[in-house]
1. Just counting partner chain Cβ atoms within 10 Å, what average do the residues of peptide B:97-109 show around their Cβ?
2. Under the convention of a label 7 Å out along Cα→Cβ, give the distances in nm from B:Q110 to the same position in every other copy, shortest first.
3. Output the lone cysteines of chain B: those with no second cysteine's C-beta under 4.7 Å from their C-beta.
4. Note down, for the range A:1-65, the three equivalent ellipsoid semi-axes (square root of 5 times each alpha carbon gyration tensor eigenvalue), biggest first, whole angstrom.
5. Using a label point 7 Å beyond Cα on the Cα-Cβ vector, give me the inter-copy distances for B:G47 in nanometres, one decimal, shortest first.
6. What's the tally of Lys pairs in the protein assembly as shown whose alpha-carbon atoms lie under 21 angstrom apart, where the two lysines are 8 or more places apart or on different chains?
7. Under the Kirkwood approximation applied to all pairs of distinct alpha-carbon atoms, what is the hydrodynamic radius of chain B in Å?
8. Any idea what the A:E28 label distances to the other copies are, label 7 Å down the Cα→Cβ vector, nm, shortest first?
2 protein chains.
Amino acid sequence: MKNSVVEFTIGELAGEADCKVQTIRFYEQIGILPNAQRTDGGHRVYGREDLRRLHFVRRCRGLGFSLDQIRVLLTLVDGGAYTCGEVLALTLEHLAEIQAKLADLKRMEQALEDMAAQCKGGTIPACPVIDVLLDA
Amino acid sequence: MKNSVVEFTIGELAGEADCKVQTIRFYEQIGILPNAQRTDGGHRVYGREDLRRLHFVRRCRGLGFSLDQIRVLLTLVDGGAYTCGEVLALTLEHLAEIQAKLADLKRMEQALEDMAAQCKGGTIPACPVIDVLLDA
DNA sequence: CTACGACCTCCAGTGGCTGGAGGTGCAAGA
DNA sequence: TCTTGCACCTCCAGCCACTGGAGGTCGTAG
């Protein structure tokens with residue numbers, strides 16, 4: 001049955017995975033996606049498995065994993081021999097990174113709010129924000 | 001009195017402002033800092049005013065302002081004709097960016113925590129984290 | 001005067017794409 | 001069958017904010 005082999009052009013794949021065509025070519029180039037099959041004319045052709053993999057990558061990116069971290073996750077998945085512990089370790093490591101960034105941003109937020117609170121706006125040709133930044 | 005004119009080498013300036021020598025040269029190159037004075041031999045020489053400006057830039061960067069935003073702030077300061085309102089507007093705009101990033105990261109944190117909670121670790125050759133990512 | 005570290009310029013690389021130039025494939029309508 | 005026109009192709013440059021290295025020069029302490 002031919003229709004068990006669903007095929008996509010790169011544009012369709014991009015549509016399904018909600019990313020740009022260039023991004024897919026880029027992933028192929030850096031080895032995150034395998035070299036795609038081609039038509040006689042050289043156009044890339046994809047199947048369900050490719051879509052699944054791309055979805056995985058995009059979901060990981062959406063969670064802030066770097067492409068290097070994703071490469072590791074993919075290696076685990078590709079090998080099929082990953083253990084829950086390995087995956088958990090990577091996840092927790094990434095969670096720690098996220099939490100560090102959160103802490104940084106919260107500090108920035110607080111500092112900006114404090115500065116903004118001092119500033120009355122208006123057309124006064126002076127500003128406590130600048131004063132603080134110039135001579136803290 | 002000569003010692004009212006404090007002078008720094010680029011290395012000393014970097015030390016004072018807690019940044020790298022290359023970063024200072026980079027700031028000069030892109031016009032964030034003015035072209036430095038030079039010794040006969042071509043080494044850069046800096047004074048108090050340069051240090052103040054660099055401090056300003058580094059503090060802004062520490063708060064997450066982009067170099068483009070800093071360029072605007074510097075133009076205001078340089079003109080000397082800035083108003084509190086202008087500065088407040090830029091500050092609030094940047095605050096909104098920060099808060100958007102915070103919201104993103106909090107979502108990621110939550111998602112990662114949820115996934116990690118499902119994962120029992122250990123040597124089981126399967127993982128709910130991967131399952132979710134592959135087939136959400 | 002010599003040694004050595006700090007300085008100089010210029011260029012390439014980072015991450016994760018994005019966009020453009022210039023050319024070709026493919027499918028639908030006339 | 002031919003043409004139109006869009007989607008595809010490759011290759012290369014650019015974004016941000018630095019960072020690092022190669023290869024060479026300056027300045028100063030001993």
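The values are calculated or read from the model by the stated rules, or taken from the named source; none is laboratory data. Model, not experiment: these values are computed from the prediction. As a convention, Cβ positions derive from the backbone with ideal geometry for all residues, glycine included, and neighbour counts pool all protein chains shown. Calculation scope for accessible area: heavy atoms of the full protein, side chains included, ligands and nucleic acids excluded. Shrake-Rupley method; radii C 1.70, N 1.55, O 1.52, S 1.80 Å.
1. Numbers: counts 3, 10, 5, 1, 6, 7, 1, 6, 11, 3, 4, 11, 7.
For this peptide, the per-residue mean of nearby foreign Cβ atoms is 6.
2. In nanometres, ordered from closest: 2.3.
3. For chain B, the answer is B:C19, B:C60, B:C119, because their Cβ atoms have no other cysteine Cβ under 4.7 Å.
4. Numbers: eigenvalues 82, 39, 20 Å².
Semi-axis lengths for the range A:1-65 are 20, 14, 10 Å.
5. From this label point to the equivalent ones elsewhere in the assembly: 7.3 nm.
6. Details: A:K101/B:K101; A:K101/B:K106; A:K106/B:K101; A:K106/B:K106.
Lysine pairs meeting the criterion: 4.
7. On the way: mean 1/r = 0.0528 Å⁻¹.
Computed over chain B, the radius equals 18.9 Å.
8. Nearest first, the other copies' label points are 4.6 nm away.
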